[in-house]
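Q: Dumping the structure here so I can ask a few things about it.
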Amino acid sequence: DTAVSQTPKYLVTQMGNDKSIKCEQNLGHDTMYWYKQDSKKFLKIMFSYNNKELIINETVPNRFSPKSPDKAHLNLHINSLELGDSAVYFCASSLGTGDEKLFFGSGTQLSVL
Amino acid sequence: SQKIEQNSEALNIQEGKTATLTCNYTNYSPAYLQWYRQDPGRGPVFLLLIRENEKEKRKERLKVTFDTTLKQSLFHITASQPADSATYLCALDISYGNKLVFGAGTILRVKS
């Protein structure tokens, strides 16, 4: 069983469209994250949720909206997609008690044309 | 400004040698530092964590040092193997468990 699974693996779409990426973890962790990895390979945190509550919201455009229906799921919805949104998006989870290692999903490659 | 710098060039070494990767940071005071491995098309995988009051941590062929005065961590892989070829990322915790900031990573290639 995959510990952190995200879908889809690849997402190709046109500018202006709205899309969602889903993430689920079966590790029983309390904290989940979304990271973005750009073409220069920097991984930057976007959001973190602890037990369904938003903890970190970096300077991410309002077009990005995370939703956590329960602590095992954290989905990312993106409105009005732009060319600059093209990147690899990683979901991750951790126990959430401090100094925790992250468990990452395999990533979603988003290409906006 | 705050920065995390890793070897920008790929590191090419011969099988059996020790690989040493560097992570330098400025204007951060991390409580701890982590190292991850990332293979192409995959998510990062946790390797080691070292706290600010620890000088060295080992796990099998891996060793990490953490010098908070120099603001540097060194990551060593001894007896390297071609299977160790990957990108290695260092990450600083800057919010006591809530936020990791990653470096861009160093590509390691181990040739047989």
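Q: Could you check the simple spin-label distance between A:Glu82 and A:Asn57, using points 7 Å along Cα→Cβ, in nm with one decimal?
A: In this crude spin-label approximation the distance works out to 1.8 nm.
Q: Give the span of chain B's Cα atoms along each principal axis, as three whole-Å numbers ordered largest to smallest.
A: On the principal axes, chain B reaches 40, 28, 21 Å in Cα extent.
Q: Protein chains only, probe 1.4 Å: how do B:Asp84, A:Asp18 rank by accessible area, largest first?
A: Values: B:Asp84 15, A:Asp18 85 Å².
Most to least solvent-accessible, the answer reads A:Asp18, B:Asp84.
Q: Work out, in µm²/s and without decimals, the Stokes-Einstein translational diffusion coefficient of the protein assembly as shown at 10 °C, 1.306 mPa s, Rh from Kirkwood over C-alpha pairs.
A: On the way: Rh = 18.1 Å.
Calculated translational D: 88 µm²/s.
Q: What list of ³J(HN,Hα) values in whole Hz, one per residue of region A:10-22 in order, does the Karplus curve 6.51 cos²θ - 1.76 cosθ + 1.60 (θ = phi - 60°) give from phi, with Gly and Pro shown as x?
A: Karplus values, whole Hz, x for Gly and Pro: 10, 9, 10, 8, 8, 3, x, 6, 10, 9, 10, 10, 10.
Q: What does the structure give for A:39-49 when I average, per residue, the other chain Cβ atoms found within 10 Å of the residue Cβ? Don't jump to the answer; show the numbers that get you there.
A: Working: counts 0, 2, 8, 7, 12, 2, 6, 0, 0, 4, 0.
Partner Cβ neighbours, averaged per residue: 4.
Q: Ok, one more. If you average the sequence gap of Cα pairs under 8 Å that are 6 or more apart and divide by the length of chain B, what percent do you get for the contact order?
A: This gives 36 percent for chain B.
Q: Right, another one. Just to confirm the filter: which GluC sites (Glu not before Pro) across region A:53-113 are DSSP coil and have at most 14 other Cβ within 10 angstrom of their Cβ?
A: Working: sites: A:Glu53, A:Glu58, A:Glu82, A:Glu100; in loops: A:Glu58, A:Glu82, A:Glu100.
Passing sites in region A:53-113 are A:Glu58, A:Glu82.
The values are calculated or read from the model by the stated rules, or taken from the named source; none is laboratory data. Predicted, not measured: the structure shown is a model, and the values here were computed from it. Methodologically, a virtual Cβ is constructed for each residue, glycine included, from the backbone with ideal geometry; neighbour enumeration extends over all protein chains shown. Heavy atoms of the whole protein, side chains included, go into the accessibility calculation; ligands, DNA and RNA do not. Shrake-Rupley method; radii C 1.70, N 1.55, O 1.52, S 1.80 Å.
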